[in-house]
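Taking it in order: structure first as structure tokens, then the write-up.
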Amino acid sequence: MKTININGKLIDFSTPKVMGIMNLTPDSFYAGSRTEGAHEIVERCYQIISEGGTMIDIGAQSTSPASRFLAAKEEAERLMPSLGLIRKEFPDAILSVDTFYADVAKQAVEEYGVNMINDISGGQLDERMFPVVAQLNVPYILMHMRGTPQTMQEMTRYDNFIQDILYYFSERKAKLNLLGVNDVIIDPGFGFSKTISQNYELMAYLKYFHIFEEPILVGVSRKSMIYRLLDTTPAESLNGTSVLNTLALLSGANILRVHDVKEAVECIKIITKISDFDS
């Protein structure tokens, strides 16, 4: 059974969990996820929790290719007041911070009790991230990406697509383990440094990532791999998201990172019910 340790409490994934997305960015690719102002932030947290979300992932930097790259100080200035508000209103919530800056991660954990770090760069954009996470002793979401959010779509050529990504995780997970980071969550990085076709290949081979014996997080919510394939928009991509979330669950995904919590929870309930007859 796969587990992670949150402040001494084991979270097990015998039933998959939902991580609700909270964007504190004015330029997030999906307009419906943008949250600004204290009232909207509290309302969004309440929505995630009431609809069955187990974790809240809070990000202050957009990772779409067209977004502006924020320095650590600017990201922290946008993020920390919101963390203070969320912790006050939801003291027991499991909070994840979406950042690739070690200093932002450190402040978020030490001052606001954030429970895990979600780093889209896998420690590549800040070489201090791995040692800092080890010092903080919190779970770490290790994602696959090449380059930066602004350059990643120019970096989609691989010698052997799936094998290259598996090697990336084996190498970086070993570095984390050597530092004493044992609660690692694997995120294959849908939409990052991958073409539309590669994203679907990744979904087809998702089961291969169980080789690491770590929880697997899948984040496909309303992404371009859906709306470009279907010639629609992010706003029209909920149905496609639910289809892919269901496929991910059938391949053993443990965490769904989503904008639409209620629908993801329903996917889990249905797949869990079916698995009762297939064990």
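The values are calculated or read from the model by the stated rules, or taken from the named source; none is laboratory data. Fair warning: this is a prediction, and the values are worked out from it, not measured in the lab. So basically every Cβ, Gly included, is an ideal-geometry build from the backbone, and we count neighbours across all protein chains shown.
For LEU70, the stated conditions hold: it is free of Cβ contacts under 8 Å to residues at least 24 places away in the same chain, within 30 Å of THR195 (Cβ to Cβ) and crowded, with 18+ Cβ neighbours inside 10 Å. Whether a residue is over 14 Å from MET203 (Cα atoms), crowded, with 17+ Cβ neighbours inside 10 Å and at pLDDT below 95 was assessed, and PRO234 passes this test. Taking SER50, is it at pLDDT below 90, within 25 Å of LEU217 (Cα to Cα) and not charged (D, E, K, R)? No; evaluated as a whole, the condition is false for this residue. Tallying residues that are assigned to a helix (DSSP H, G or I) and touching a strand residue (DSSP E or B) at 6+ places or on another chain (Cβ under 8 Å) within segment 245-263 yields 4.
Go through segment 209-230 and count every residue that is touching a residue at least 24 places away in the same chain (Cβ under 8 Å), β-branched (Val, Ile, Thr) and in a helix (DSSP H, G or I).
Of the residues in that region, 1 qualify.
For segment 42-89, a residue qualifies if it is touching a Leu at 6+ places or on another chain (Cβ under 6 Å) and assigned to a helix (DSSP H, G or I), and the qualifying residues are ARG78, SER82. Being among the acidic types (Asp, Glu), closer than 20 Å to ARG44 by Cβ and surrounded by fewer than 21 Cβ atoms within 10 Å (Cβ to Cβ) narrows it down to one residue among GLU110, GLU127, GLU89; which is it? Answer to the check: GLU89. Checked against (1) farther than 30 Å from LYS9 by Cβ; (2) in contact with a Ser or Thr (Cβ under 6 Å, 6 or more places away or on another chain); (3) not acidic (Asp, Glu), GLN150 passes all but a single condition, namely (2).
The sole residue among GLU213, GLU266 that is within 21 Å of ASP119 (Cβ to Cβ) and among the charged types (D, E, K, R) is GLU213. Figure legend. Inter-residue proximity from segment 186-208: first residues surrounded by 15 or more Cβ atoms within 10 Å (Cβ to Cβ), second residues part of a loop (DSSP other than H, G, I, E, B) and basic (Lys, Arg), beta-carbon distance below 6 Å, spacing 6+ or different chains. Indicated pairs: GLY191/LYS223; SER193/ARG146.
Scanning segment 103-121 for residues that are in contact with a Phe, Trp or Tyr (Cβ under 9 Å, 6 or more places away or on another chain) and either more than 25 Å from SER64 (Cα to Cα) or in contact (Cβ under 8 Å) with a residue 60 or more places away in the chain (or both) yields MET116, ASN118, ILE120. For segment 200-217, taking the residues that are in contact with a strand residue (DSSP E or B) (Cβ under 6 Å, 6 or more places away or on another chain) and among the hydrophobic types (A, V, I, L, M, F, W, C), the one that is farthest from GLN163 (Cα to Cα) is identified as LEU217.
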